1. So for the chain, taking the charge dipole from beta-carbon charges (+1 Lys/Arg, -1 Asp/Glu), which of GLY21, ASN58, TYR36 sits furthest toward the positive end?
2. How many Lys pairs in the chain lie less than 28 angstrom apart by Cα atoms, where the lysines are 8 or more positions apart or on different chains?
3. Can you give the log10 of the normalised intensity I(q)/I(0) at q = 0.18, 0.24 Å⁻¹, computed with Debye over equal Cα scatterers of the chain?
4. How would you rank 17-29, 36-48, highest first, on the average number of other Cβ atoms within 10 Å across their residues?
5. Each residue of region 39-52 in turn: what ³J(HN,Hα) in whole Hz from Karplus with 6.51, -1.76, 1.60 and θ = phi - 60°, glycine and Pro shown as x?
6. Please give the contour-minus-distance gain from TYR54 to THR27: 0.36 nm per residue of separation, less the Cα-Cα distance, rounded to one decimal in nm.
Amino acid sequence: EYIRSSYFNKKEDTRFSSSVGKFVGFTEQGVKNAEYWNNDPSKLSAMKAQKEVYCLHNIQIKYDNALTKS
């Protein structure tokens, strides 16, 4: 799962989760930002692509390391 959170004044403002597939806002401004970003198909597709870039690329490395240590 890929999660990207944004913080403002030490509070979580917005979060993108690949399992949800969209941005979620936690503050008043975060809700507005999430709504704006969710209406932009290019922003959503770029965030969904990050899962392939970060997670799927490294999963085999993490899996192999876990097997060698057990």
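Each reported figure results from applying straightforward, stated rules to the coordinates on display, with no laboratory input. Computed from a predicted structure; not experimentally measured. Glycine gets a Cβ as well: all are built from the backbone with ideal geometry, and neighbour counts include every protein chain shown.
1. ASN58
2. Going through the chain pair by pair, I get 22.
3. -0.71, -0.98
4. Values: 17-29: 14.6, 36-48: 12.3.
Descending packing order for the listed peptides: 17-29, 36-48.
5. 8, 9, x, 5, 5, 5, 5, 5, 5, 5, 5, 5, 4, 5
6. Values: separation 27, 0.36 × 27 = 9.72 nm, distance 2.72 nm.
Once the chain is fully extended between TYR54 and THR27, it gains 7.0 nm.
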